[in-house]
Amino acid sequence: MNVLDENIIASQRAQFRRWRIPFRQVGYELANQGAADAHITPLLLRLKQPTFFTRDFDFFKPRLCHPHYCVAWLNVRPDQAATFIRRFLRHTEFCTHQHRLGRIVRINSGGIASWQQGLRGLAHFDWMD
């Protein structure tokens, strides 16, 4: 399940709909608007294999690694979120739930960086164009 933080803007949600990428968003279909960051992790634990996309740097911490979910920090402009999420979901290293679970990732124009549960260090992946 693709879960968008409430900081993903409306134009990017509309792009997801045009691309027919399923998602649910915090503050709309999930939780209340303005939900504190501390409430996000328990929410993710209740969902089935969620990948949580946020523009909030506070989620890019290796201690948040958990085998039940993936957290992806979008270090891109607000109007680029949908494009980079789609690129991420199509990347061979992250294209299935099983590949993503247990990871905390940073997505930006330079590529993807990932912490993975059970592994030490930050792994880096180039975009596949």
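What the table shows:
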item: Criterion violated by Gln12 - all others in (1) of a type in the set (S, T, N, Q); (2) in a helix (DSSP H, G or I); (3) without any contact (Cβ under 8 Å) to a residue 60 or more places away in the chain; (4) buried (at least 18 other Cβ atoms within 10 Å of the Cβ) satisfied; result: (3)
item: Candidates Ala14, Ala38 - the one that is hydrophobic (A, V, I, L, M, F, W, C) and at pLDDT 95 or above; result: Ala14
item: Residue match in the stretch 105-113 (condition: without any contact (Cβ under 8 Å) to a residue 24 or more places away in the chain, surrounded by fewer than 21 Cβ atoms within 10 Å (Cβ to Cβ), among the small types (Gly, Ala, Ser) and part of a helix (DSSP H, G or I)); result: no
item: Hits in the stretch 63-79 (condition: surrounded by fewer than 15 Cβ atoms within 10 Å (Cβ to Cβ) and either of a type in the set (Asp, Glu) or not in a loop (DSSP other than H, G, I, E, B) (or both)); result: Arg63, Pro78, Asp79
item: Counted residues, the stretch 63-79 - those being in contact (Cβ under 8 Å) with a residue 24 or more places away in the chain and over 24 Å from Leu45 (Cβ atoms); result: 4
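The values are calculated or read from the model by the stated rules, or taken from the named source; none is laboratory data. The structure displayed is predicted, hence computed values, not measured ones. Note: ideal-geometry Cβ built from the backbone for every residue, glycine included; neighbour counts use all protein chains shown.
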